[in-house]
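Working notes, structure below.
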Amino acid sequence: MQRWRGVLETPDDWPGGVVTIGFFDGVHRGHQQIIRRAVERAHRAGQLAVVLTFDPHPAEVIRPGSHPALLTTPAFKAELLERLGVDALCVQPFTPEFSRVPAAGFVHDMLLHRLRPSAVVVGENFTYGHRAAGNLETLRCSGVTDGFAVEGVRLLRADDHVLSSTHIRACIADGDVVTAARALGRDHRVEGIVVHGDARGRAIGYPTANLATTAYAAVPADGVYAGHAVWSGKRYPAAISIGTNPTFDGTQRRVEAYLLDFDDDLYDAHLAFEFTERLRPTLRFDSVADLVAQMAADVLATRKIITPATDEP
């Protein structure tokens, strides 16, 4: 998949094709429906499909301090888009200056002159331009005038909700990773770098990888989860704990995992945790022995939920 940063950096020899536009956080099933339609339309016509997305999240620029929790890192979003057959990815920096570009300027100066769309495929609630002045209908009017097709894709509904990144974030914040996974079409993932912890886990027979998560990561509610750790292209069954370690009077919220049947040095490694099912809330135990007994039960529950074999993510 070809990639570049900023519409103005579009390669001079870019032939144009079908463009789809959105932040696409999570690349959830609703996003997938839009993107697959753009890819299908492009490839059927012998053209290329390009995704135009943004960084950072527009909310942080328009309302500083309101950055939502993110369902995907930029790198993982790109990986998911590539899996869907996208040919090119343009990441437009969302700056204060860009936020003030009027709707007509966005279409003429950025889409037409740089990405050269034969068609634009977007969700039916798509908006663009300063103060979201542009919408699907104004885009269609521009398409008629400037010679490109516009297709609006109906929003996907699930569990009596419009399937949206906002709804998925709410599920994750509540610890409902099963509902989130249904909406995402995969287990929710949190990424980061493995850092040193208190080494208590190793002392009691359950060494954990402590994750310094990426900025604004959508971390699930405190509790213990069955899931996977993804490292170097392989997935390992893991019991994942989120919380402050109340048994040891901890105050710092941590994201850590015990990788089943795994013994390797992970310090400073880039790791991802994937959450399959919440096993229980975070608890305070009266003794370390009680904690160890519960951890053994958590590992057993994880084994029953997760297939132990490693495989590709």
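As an exercise: evaluate Ala218 against (1) farther than 27 Å from Thr72 by Cα; (2) out of contact with any Pro (no Cβ under 7 Å at 6 or more places or on another chain); (3) touching a residue at least 40 places away in the same chain (Cβ under 8 Å); (4) small (Gly, Ala, Ser) and give the number of the one condition it does not meet.
Status for Ala218: all satisfied but (1).
If Val86 meets every condition in (1) farther than 17 Å from Arg36 by Cβ; (2) in a loop (DSSP other than H, G, I, E, B); (3) not acidic (Asp, Glu) apart from one, which number is that one?
Unmet for Val86, out of (1) farther than 17 Å from Arg36 by Cβ; (2) in a loop (DSSP other than H, G, I, E, B); (3) not acidic (Asp, Glu): (1).
List every residue pair whose Cβ atoms lie under 9 Å apart, where the two residues are 6 or more positions apart in sequence or sit on different chains, the first residue falls within the range 2-26 and is closer than 14 Å to Gln47 by Cα, and the second residue, located anywhere, is of a type in the set (Gly, Ala, Ser) and assigned to a loop (DSSP other than H, G, I, E, B).
Hits for this filter: Gly17/Ala45; Val18/Ala45.
For the range 154-198, which residues satisfy the criterion of being under 19 Å from Leu84 (Cα atoms), surrounded by fewer than 19 Cβ atoms within 10 Å (Cβ to Cβ) and among the hydrophobic types (A, V, I, L, M, F, W, C)?
Those that are under 19 Å from Leu84 (Cα atoms), surrounded by fewer than 19 Cβ atoms within 10 Å (Cβ to Cβ) and among the hydrophobic types (A, V, I, L, M, F, W, C): Leu155, Leu156.
Given the criterion of a type outside the set (Ser, Thr, Tyr), modelled with pLDDT of 95 or more and closer than 26 Å to Thr179 by Cβ, identify the matching residue among Leu80, Leu48, Leu89.
Residue meeting the stated conditions: Leu80.
What's the number of the condition Phe273 fails, among (1) assigned to a strand (DSSP E or B); (2) over 20 Å from Gly197 (Cα atoms)?
So the condition that Phe273 fails would be (2).
Scan the helices (runs of 4 or more DSSP H) fully inside the range 136-194 and keep the ones with 2 or more residues being within 18 Å of Leu71 (Cα to Cα). Reasoning before the result, please.
Working: elements: 136-146, 165-173, 177-184.
Correct list: 165-173, 177-184.
The values are calculated or read from the model by the stated rules, or taken from the named source; none is laboratory data. Because the structure is a prediction, the values reported are computed rather than measured. Cβ sites come from the backbone with ideal geometry, for glycine too, and all protein chains shown count toward neighbours.
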